[in-house]
Amino acid sequence: MPMGDDQRKSTIICLQEELERYDLMGKWNDYIGVQKEVIEVLRKEDFFEKNGVVTGNSGITVRITAKGVKETLGTGKRFQALPKALKELKVVTIRYLPILIENSWICEDNVENIHKKDGVHYAYLAAIVNVDGIEYGVRISVQKKMSSNVFWIHHIDYEKKTLPYSTLPERKN
């Protein structure tokens, strides 16, 4: 069950300060170049060496991997086809995924993979991020596997249609 609005924590980010970490000038339409640059910077910061993050609301442990970062910065509507402003938001929020996951709540849990019948299920987490004084909803997809739960992709509600995702129906198990 989502936390009450008064209990939800917003992660605060300065867009320009975070973008300066990466050399992305002229690369915004080259999603592979963006993937490589972001993953390289994160590896230099030992970002992936962390063992996992426990969400405050659910107790679920989520590992953040380079594969998940690559997936969230992927083709089509995941990243490549997005407007530049939304691409920037996705890139700068990646470093804050541990905090966003800690401050998230579960929207849906144990959702079957609709693309493949491979036994993998998903949990969908929601969080709030404040970038330059503007709040956005963040939806984080987590692959639930036997060995561990792995960050798969994240979406930013740029048009604020479902902020803070509390309007999504709770899954009844």
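The values are calculated or read from the model by the stated rules, or taken from the named source; none is laboratory data. Since the model is a prediction, treat every value here as computed from it, not as a measurement. Quick reminder, even Gly has a Cβ in these numbers, built from the backbone with ideal geometry, and neighbours come from all protein chains shown. Side chains are part of the model used for accessible areas, which takes the heavy atoms of the whole protein and leaves out ligands, DNA and RNA. Shrake-Rupley method; radii C 1.70, N 1.55, O 1.52, S 1.80 Å.
Brief remarks follow.
- For region 36-59, residues that are hydrophobic (A, V, I, L, M, F, W, C) and farther than 14 Å from L97 by Cα total 1.
- Whichever residue in region 18-51 is of a type in the set (D, E) and at pLDDT 90 or above and, among such residues, is most open to solvent (accessible area, probe 1.4 Å): E20
- Tally, over region 75-103, of residues that are crowded, with 18+ Cβ neighbours inside 10 Å, of a type in the set (S, T, N, Q) and under 18 Å from Y31 (Cβ atoms): 1
- Any hit, region 117-125, residues being part of a strand (DSSP E or B), open to solvent by less than 70 Å² (accessible area, probe 1.4 Å), touching a strand residue (DSSP E or B) at 6+ places or on another chain (Cβ under 6 Å) and β-branched (V, I, T): no
- The residue of region 96-149 that is farthest from T55 (Cα to Cα), among those that are acidic (D, E) and touching a residue at least 40 places away in the same chain (Cβ under 8 Å), is D132.
- Any hit, region 52-74, residues being open to solvent by 50 Å² or more (accessible area, probe 1.4 Å), over 18 Å from A127 (Cβ atoms) and assigned to a loop (DSSP other than H, G, I, E, B): no
- Taking residues in region 44-61 that are farther than 19 Å from V92 by Cα, and partners anywhere that are part of a loop (DSSP other than H, G, I, E, B), the pairs with Cβ atoms closer than 7 Å and at least 6 places apart or on different chains are T55/S104; G56/N103; N57/M3; N57/S104; T61/G52.
- Residue match in region 81-100 (condition: assigned to a loop (DSSP other than H, G, I, E, B) and β-branched (V, I, T)): no
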